[in-house]
Amino acid sequence: IQSGVQLRINGNHKFKEKDFKSALMMYMQGCVGFEMYCATNDQDQKLLDDVHVQVRKNTAGAALKTRDYTLCIYSCDKVLEMLPGDTKSLYRRSLANWRLGEIEKASVDLESILKTRVNDYNEVAESATAKKAARKLLRQIEESEERAENVEIKMARALAVEIPKLGLSDHQYSSSAPNGSSPTGFDASDMLPL
């Protein structure tokens, strides 16, 4: 437990210095130690699990900073196994999934955060912050999806305008070559739909 705590403290120091790669390496070393060690009694195991959760959360945060989104998701999954419903892990996992293009997975986690009910007074502030961040990220996702749809529409319109400019029409191909084939070997029916 002490070596894991020390690795976490050292990792936190590196994180504050914005040396995210070094912090990530320290956190990961701590995680390996926690996964290899089992306590001999319930009290020590609870302490071990508490520190392991904190190191895993820090690993996820550092992984986001280094753009290692797969590691971030893995670390969040581990935290959520030990601490179901942890809003910080749900948020970080949604952010990583979004950056990997997994919009549906990101949205599911964000909606889970928004549905979370908090009974413990000490968790109210963290929950409120997580919900505010979740709403903001959902808006960003929706806006990026709308922009992508607009780009697709513009591209489709541009293609629709460009084809007639090239003089490509079914009429030319069916009447200018034998058997209805194109003189260039191009058959308009071979074109794939958009």
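Listing for the model above:
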{"item": "Cα gyration tensor category, rounded, prolate or oblate, for segment 1-136 with a/c compared to 1.5", "result": "oblate"}
{"item": "Cα gyration tensor, segment 50-108 - rounded (a/c under 1.5), prolate or oblate", "result": "oblate"}
{"item": "Under 17 Å from the Cα of Lys21 - lysines, other chains or at least 8 residues apart", "result": "Lys57, Lys65"}
{"item": "Two-site FRET efficiency, Ile103 against Asn12, from Cβ-Cβ distance with R₀ of 25 Å, rounded to 0.05", "result": "0.20"}
{"item": "Anisotropy class of segment 1-76 from Cα gyration tensor, a/c 1.5 cut", "result": "prolate"}
{"item": "Order of exposure, largest accessible area first, which applies to Cys38, Cys31 with probe 1.4 Å", "result": "Cys38, Cys31"}
{"item": "Potential lengthening between Glu126 and Ala158 on full extension [0.36 nm per residue; Cα-Cα distance subtracted]", "result": "6.8 nm"}
{"item": "Given charges at beta-carbon only (K, R positive; D, E negative), |dipole| of segment 51-106 in Debye", "result": "220"}
{"item": "Where trypsin sites (Lys or Arg not before Pro) fall in DSSP loop in segment 18-65, at most 10 other Cβ within 10 Å", "result": "Lys18"}
{"item": "Residue-by-residue Karplus 3J(HN,Hα) for segment 70-81, coefficients 6.51, -1.76, 1.60, Hz, glycine and proline x", "result": "5, 5, 4, 4, 4, 5, 5, 4, 5, 4, 5, 5"}
{"item": "Leu114 accessible area, assembled protein chains, probe 1.4 Å, Å²", "result": "60"}
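The values are calculated or read from the model by the stated rules, or taken from the named source; none is laboratory data. Everything quoted here is computed from the prediction, not taken from an experiment. Don't worry about glycine lacking a Cβ; one is built from the backbone with ideal geometry, like all the others, and counts go over all protein chains shown. When the accessible area is computed, the model is the full protein with side chains, heavy atoms only, and any ligands, DNA or RNA have been set aside. Shrake-Rupley method; radii C 1.70, N 1.55, O 1.52, S 1.80 Å.
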